Each structure stands twice: as structure tokens, then as C-alpha cells.
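Inspection log for the structure reproduced underneath, given as C-alpha cells.
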Amino acid sequence: MATVEQPDPLLKEDNAGDGNDGVRRRDFLDIAAVSFGVVGVGAVAFPLVNQMAPPADVMALASIEVDLTNIAEGQAIKASWRKQPVFIRNLTQAEIDEANAVDVSGLRDKESLAERTKEGKANWLVTMGVCTHLGCVPTGVVTGENKGDYNGYFCPCHGSHYDTAGRIRKGPAPTNLVVPEFEFLDDSTIRIG
Ligand code: FES
């Protein structure tokens with residue numbers, strides 16, 4: 001028995017014209033949907049990109065300048081850079097000699113004092129004040145604090161000892177205290193970062 005194909009009610013109007021209206025209408029709907037999507041993505045993308053740009057206060061902290069004039073020989077200060085402590089130490093000649101007397105090949109993290117300081121300014125030791133074991137802040141900056149067995153810094157969390165060049169000498173820390181990127185702007189000013 002022959003069956004009669006029923007017209008699709010959804011295409012009723014589309015088929016009422018020259019037969020191509022259905023295709024055109026669907027194309028229009030698809031294009032409209034895609035266009036809306038693109039506009040939507042554009043509208044969402046702008047604030048996202050805007051949010052990804054660092055705010056002005058973060059940019060300001062990207063680098064800091066430190067005046068060294070008040071750090072006497074043998075003293076150190078703790079600065080803050082990118083929300084982390086930085087130790088700036090004015091080494092005595094005896095501390096420089098102590099660091100240079102060490103056989104670098106026998107160190108866990110083999111660096112000389114010269115490699116960790118700027119040329120002609122070996123007395124200025126600038127390191128992050130963050131233990132390379134699990135991130136505690138070592139002691140030894142303030143006069144009278146424990147400087148550890150090697151006269152540098154001591155991390156009380158698990159007993160890491162750093163020497164006068166900030167190099168790991170004893171304890172669980174795997175590497176030397178990190179020397180951040182810094183430069184001398186003049187004889188008594190450094191910029192960190
Ligand atoms: S965090 Fe410094 S020794 Fe563990």
C-alpha cells in the first residue's frame with residue numbers, strides 16, 4: 001500500500017516559496033547563531049585580557065631600589081621584594097676571605113663568592129631570604145641572631161647552615177640561597193628585579 005509523505009511542519013513556511021527558502025532560512029539562523037557567539041566571545045575576552053594585565057601596584061613591586069649607605073660593614077638588612085624577604089649583607093674582609101678559602105668543588109652547590117656577587121663589589125651579598133629546603137626564613141640578619149656553623153645564615157626549621165656567601169654547607173637544603181637579579185645603579189644604590 002502506497003504511503004503519502006507528510007510535509008515537515010517546521011519547513012512548512014520555508015517550502016511555500018520557490019523551494020530554496022528553507023535552506024536560506026536555516027543558513028540565516030546558523031549565521032546569526034555564529035555571529036552571536038563571536039560577539040559573545042569578544043565581549044567576554046576583553047575583561048579576561050584586562051584582568052590578566054598586572055595591576056599597577058604589582059608592577060611597582062616588580063623591582064625595588066635599595067640604599068646601601070646605612071648598612072655598615074658586617075651588618076645586613078632584610079628588604080621585601082615581590083612579597084618575599086631579601087637579605088642584603090655588607091661582608092667584612094674576614095667574611096670575604098672565609099668564603100674565598102672554601103674549595104668550591106667540595107660544595108653541594110658549587111658557586112664561588114665571585115659568581116654570587118658583582119665584580120669589584122664582593123662585599124655586597126644579595127640573596128633571597130628564603131631557605132631552599134622548604135621556604136622558611138633563615139636567621140642571621142639581625143645582630144645576635146644565630147648565623148649557623150658557617151657564620152652566614154641558619155634555617156631553624158630543619159637545620160640548614162649557609163656560609164658567608166649564602167651557600168648551603170650543612171642540613172637538608174639542596175641549593176644555595178638564591179641570588180636575585182640585581183644591579184648597581186651607583187656605588188650605594190642597587191635595583192633588585
Ligand atoms: S626549610 Fe630550611 S631547613 Fe627546611
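In region 117-136, the residues that are without any contact (Cβ under 8 Å) to a residue 40 or more places away in the chain form Cβ pairs under 6 Å with partners that are assigned to a loop (DSSP other than H, G, I, E, B) and surrounded by fewer than 17 Cβ atoms within 10 Å (Cβ to Cβ), at six or more places apart or across chains, as follows: C136/C157. Checking each residue in region 71-99 for being open to solvent by less than 50 Å² (accessible area, probe 1.4 Å), in a strand (DSSP E or B) and not charged (D, E, K, R) picks out A76, A79, W81, P85, V86, F87, I88, N90.
Within region 141-178, the set of residues being assigned to a strand (DSSP E or B) and either within 14 Å of the ligand (Cβ to nearest atom) or modelled with pLDDT under 95 (or both) comprises G152, Y153, F154, C155, S160, H161, Y162, I168, R169, K170.
P85 passes every criterion in (1) of a type outside the set (S, T, N, Q); (2) more than 16 Å from the ligand (Cβ to nearest atom); (3) without any contact (Cβ under 8 Å) to a residue 60 or more places away in the chain apart from (2).
Residues in region 100-140 that are open to solvent by less than 40 Å² (accessible area, probe 1.4 Å) and touching a Phe, Trp or Tyr at 6+ places or on another chain (Cβ under 7 Å) were compared, and the one that is farthest from the ligand (Cβ to nearest atom) is T117.
Filter region 181-193 down to the residues that are surrounded by fewer than 14 Cβ atoms within 10 Å (Cβ to Cβ) and not acidic (D, E), then identify the one that is nearest to the ligand (Cβ to nearest atom).
Per the criteria, the residue is R191.
Looking only at region 167-178, decide whether some residue is farther than 12 Å from R108 by Cα and basic (K, R). No.
The values are calculated or read from the model by the stated rules, or taken from the named source; none is laboratory data. All values reported here derive from a predicted model rather than from experimental measurement. Note that each Cβ is placed from the backbone with ideal geometry, even for glycine, and that neighbours are counted across all protein chains shown. The protein model used for the area step is the full one, side chains on, heavy atoms only, and it has no ligands, DNA or RNA in it. Shrake-Rupley method; radii C 1.70, N 1.55, O 1.52, S 1.80 Å.
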